[in-house]
Amino acid sequence: MKDILDAIQSPDSTKADIAALPLPESYRAITVHKDETEMFAGLATRDKDPRKSIHLDEVPVPELGPGEALVAVMASSVNYNSVWTSIFEPLSTFGFLERYGRTNELARRHDLPYHVIGSDLAGVVLRTGPGVNAWQPGDEVVAHCLSVELESSDGHNDTMLDPEQRIWGFETNFGGLAEIALVKSNQLMPKPDHLSWEEAAAPGLVNSTAYRQLVSRNGAGMKQGDNVLIWGASGGLGSYATQFALAGGANPICVVSSPQKAEICRSMGAEAIIDRNAEGYRFWKDEQTQDPKEWKRFGKRIRELTGGEDIDIVFEHPGRETFGASVFVTRKGGTITTCASTSGYMHEYDNRYLWMSLKRIIGSHFANYREAWEANRLVAKGRIHPTLSKVYSLEDTGQAAYDVHRNLHQGKVGVLCLAPEEGLGVRDRDKRAQHLDAINRFRNV
Ligand SMILES: C/C=C/C(=O)SCCNC(=O)CCNC(=O)[C@H](O)C(C)(C)COP(=O)(O)OP(=O)(O)OC[C@H]1O[C@@H](n2cnc3c(N)ncnc32)[C@H](O)[C@@H]1OP(=O)(O)O
Ligand SMILES: NC(=O)C1=CN([C@@H]2O[C@H](COP(=O)(O)OP(=O)(O)OC[C@H]3O[C@@H](n4cnc5c(N)ncnc54)[C@H](OP(=O)(O)O)[C@@H]3O)[C@@H](O)[C@H]2O)C=CC1
């Protein structure tokens, strides 16, 4: 592994040098273990501690198949899906690996007693499999997390609709929180050249998801002037949704839970900000009963901030806790677009406010190939910036996931894999200098 890192870091290395490097037999990877899936049985979600279930193991390098690439991972990031994997909720991800393993001979590689997790990476291509022509060893890349087979016509218009659609590093093995990752070559995209490895690894999953959910015609199709309610506006998804709203001429109404997070939103350029903690909204009176008076109080606050207007688009992901309020505050004909249910997936809302006011709920999940590419292009052009707040070593990934689980973080949390320190991998310093303040906006807040 040292030879690989030396070759990547040497300014004299050619692509041929990288291609000639022998592959190691094994590599260090963040895993969860199949024989530990019951370790948190009986505990409340909040008390399931990723530091106990996440391991750093030496695992064998997987066999490389057609259309695939092995990538030396310089940096990765923590996504909430890795939190779900590490607390074995809502399901153990080993079920996904078993199901994938049953589909064909090559997929059987993924069904192992350990799961190498992680759905983002920035790194360097080491090897490509048969049929890969667009990428070569030595290419500096990021990888999006859409794994599809595309053998069914169902996904030919929109690759997210493929019946064999999976999220790499969550529903497949050999993910990005590791020194080496296995991806399908169609997941690869050029690494934005003005960013360091850890900055480049941060946006991928959440930026692509926010792009489809909010901007794409497959999602809400946001337009200029729209009032967009963004839950968790300084979190992983929300920090990109806020940027898309501002860059697209919309009016984000940012919901956060602390003055520091409010300040981050303000520094991004948002003006309408609601601190849900300070304003004390209680949408649920008890576990079963919502309080429509609180929906109204929330809606009134939104009207104060917008000059009397209601919400065109709600960017939803907290789920059960907020969904009733989200449906209520949406204007006639408006859209609630949802990609998650962090606080619970059995939602409850008053359907009269949906049908009588002709509102729509749109389900959205990650992004298709093209949407992921377009979202990465905006990062590469310096129009959308990484929201990296803190960076951990691979050894400390459990703590990084704990921070995200307990909502102790801002924006995105990065992980150094092969990169020995932060700040490496920047190729275009002039472009970086133009955007430096925005790139560092979330750092150490
Ligand atoms: C990019 C990042 C993203 C995120 O972070 S997202 C957040 C993390 N992700 C999650 O929390 C999602 C985790 N996944 C899940 O919870 C589950 O994954 C799903 C609930 C999404 C699906 O569950 P499943 O068990 O895969 O599917 P079923 O539909 O519950 O069961 C499958 C069986 O149900 C049959 N079935 C499906 N549709 C129908 C139908 N319309 N009518 C009758 N049967 C149906 C199938 O055939 C199959 O059957 P047979 O078990 O016998 O093979
Ligand atoms: N389907 C898909 O493709 C994707 C789904 N997801 C899912 O989306 C969810 C969010 O992911 P991500 O943004 O990365 O996570 P983060 O934890 O980084 O950000 C989420 C933010 O939401 C806010 N929030 C959390 N719980 C509540 C609540 N009960 N009520 C109101 N606000 C809340 C918090 O902000 P604050 O405290 O400031 O209000 C938090 O920081 C996860 O469940 C994840 O699995 C993520 C990416 C893709």
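Laid out as a table, the results:
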| quantity | calculated |
| --- | --- |
| 19 Å Cα-Cα reach of Lys34 towards aspartates and glutamates, excluding residues that sit fewer than 8 places from it in its own chain | Asp49, Asp57, Glu58, Glu89, Glu98, Asp111, Glu171 |
| Extension gain, Ser343 back to Asn104 (0.36 nm per residue minus Cα-Cα distance, nm) | 82.5 nm |
| Selection of chymotrypsin sites (Phe, Trp or Tyr not before Pro), the stretch 337-445, meeting DSSP coil and at most 15 other Cβ within 10 Å | Tyr345 |
| The chain: most fluctuating residue of Ala20, Ala233, Ala220 per GNM, C-alpha cutoff 10 Å | Ala20 |
| Inter-part distance where the stretch 14-93 and the stretch 286-310 are each reduced to a Cα centre, Å | 41 |
| Residue-count net charge about Trp168 - beta-carbon cut-off 14 Å; Lys, Arg +1, Asp, Glu -1 | -3 |
| 0 to 90° range, to nearest 10: angle between helix 259-268 axis and the chain longest Cα axis | 70 |
| Residue-count net charge about Pro190 - beta-carbon cut-off 10 Å; Lys, Arg +1, Asp, Glu -1 | -1 |
| Loop GluC sites (Glu not before Pro), the stretch 146-189, which have at most 14 other Cβ atoms in a 10 Å radius of their Cβ (DSSP) | Glu151 |
| Most to least accessible of Asp310, Asp158 (protein chains only, probe 1.4 Å) | Asp310, Asp158 |
| Under 28 Å from Lys390, Cα to Cα: lysines that are on another chain or at least 8 residues apart | Lys2, Lys48, Lys52, Lys191, Lys261, Lys381, Lys412, Lys431 |
| Computed over the stretch 355-419, Kirkwood Rh from alpha-carbon pairs, angstrom | 15.0 |
| Average accessible area per residue (Å²) across the stretch 1-82 - probe 1.4 Å, nucleic acids and ligands excluded | 49 |
| Accessible surface of the stretch 277-355, 1.4 Å probe, proportion on carbon and sulfur as whole % | 47 |
| Per-q log10 I(q)/I(0), the chain, q = 0.07, 0.08, 0.13 Å⁻¹ (Debye; single scatterer per alpha-carbon; no solvent) | -0.33, -0.44, -1.16 |
| Relative contact order computed over the stretch 75-163 (Cα-Cα under 8 Å; 6+ residues apart), in percent | 21 |
| GluC sites (Glu not before Pro) lying in DSSP loop within the stretch 90-148, provided at most 15 other Cβ fall within 10 Å | Glu105 |
| Contour excess over end-to-end distance, with Cα ends at Trp373 and Thr14 and 0.36 nm allotted per residue | 126.6 nm |
| Distance-filtered residues of the stretch 349-392 - backbone nitrogen under 17 Å, label point 7 angstrom along Leu91 Cα→Cβ | 365-366 |
| Within the accessible area of the stretch 104-180 (1.4 Å probe), percent carbon and sulfur | 47 |
| 10 Å Cβ shell holding at most 14 others, DSSP loop, trypsin sites (Lys or Arg not before Pro): longest site-free stretch of the chain | 103-216 |
| Extension reserve of the Lys300-Arg360 stretch, reckoned as 0.36 nm per residue once the Cα distance is removed | 19.5 nm |
| Residue of Glu89, Glu374, Glu199 that the Gaussian network model of the chain assigns the largest fluctuation, springs spanning Cα pairs under 10 Å | Glu89 |
| Accessible surface ranking that places the most exposed of Thr159, Thr103 first, with a 1.4 angstrom probe | Thr103, Thr159 |
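The values are calculated or read from the model by the stated rules, or taken from the named source; none is laboratory data. All of these numbers come straight from a predicted model, not from anything done at the bench. Note: ideal-geometry Cβ built from the backbone for every residue, glycine included; neighbour counts use all protein chains shown. For accessibility, only protein heavy atoms count, side chains too; no ligands or nucleic acids. Shrake-Rupley method; radii C 1.70, N 1.55, O 1.52, S 1.80 Å.
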